[in-house]
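See below for the structure under consideration.
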Amino acid sequence: MELPRFDWTGPLRPFPISKMRLVPDGIEKPDWALDGIPKIEPDSDLQKRVEIKTPEQIERMRETCRIAREVLDAGARIIKPGITTDEIDRVIHEETIARGGYPSPLNYHFFPKSCCT
């Protein structure tokens with residue numbers, strides 16, 4: 001990837017972007033996983049109303065949030081001076097996959113990573 005030419009004024013420089021990480025076939029993928037374009041979301045009726053959740057849906061949301069917290073905590077544990085954002089992304093990606101999840105930012109509107117760092 002060719003980086004733009006800037007008159008840099010400090011020691012920081014952009015790091016080359018690594019390839020998009022893969023998600024195993026056994027993990028359910030959202031509709032944007034292949035082409036980067038969400039199809040259901042823009043036309044969803046849920047964009048215009050508030051859905052009252054059932055107790056079962058609320059329990060699933062709690063479990064999802066618990067898993068998300070574990071994944072974010074794993075990413076936070078590796079943060080220290082010198083760690084790259086690509087390494088943070090790798091950990092977030094692997095921890096999400098290990099729990100059977102799809103890293104939702106991945107390829108959403110063509111975003112190439114599993115988290116935004």
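Each reported figure results from applying straightforward, stated rules to the coordinates on display, with no laboratory input. Note that the coordinates shown come from a computational prediction; the quantities given were computed from them, not determined experimentally. Please note: Cβ atoms are built from the backbone with ideal geometry, for glycine as well, and neighbour counts cover all protein chains shown.
Summary table
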read-out	value
Test: residue in segment 24-40 that is touching an Asp or Glu at 6+ places or on another chain (Cβ under 9 Å), surrounded by fewer than 11 Cβ atoms within 10 Å (Cβ to Cβ) and not in a loop (DSSP other than H, G, I, E, B)	yes
Given (1) surrounded by 11 or more Cβ atoms within 10 Å (Cβ to Cβ); (2) under 30 Å from residue 12 (Cβ atoms); (3) small (Gly, Ala, Ser), index of the condition residue 100 fails	(2)
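For (1) surrounded by 15 or more Cβ atoms within 10 Å (Cβ to Cβ); (2) over 24 Å from residue 21 (Cβ atoms); (3) in contact (Cβ under 8 Å) with a residue 12 or more places away in the chain; (4) not basic (Lys, Arg), each residue gets a yes or a no:
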| residue | (1), (2), (3), (4) |
| --- | --- |
| 45 | no, yes, no, yes |
| 49 | no, yes, no, no |
| 62 | no, yes, no, no |
| 65 | no, no, no, yes |
| 71 | yes, no, yes, yes |
| 74 | yes, no, yes, yes |
| 84 | no, no, yes, yes |
| 93 | yes, no, yes, yes |
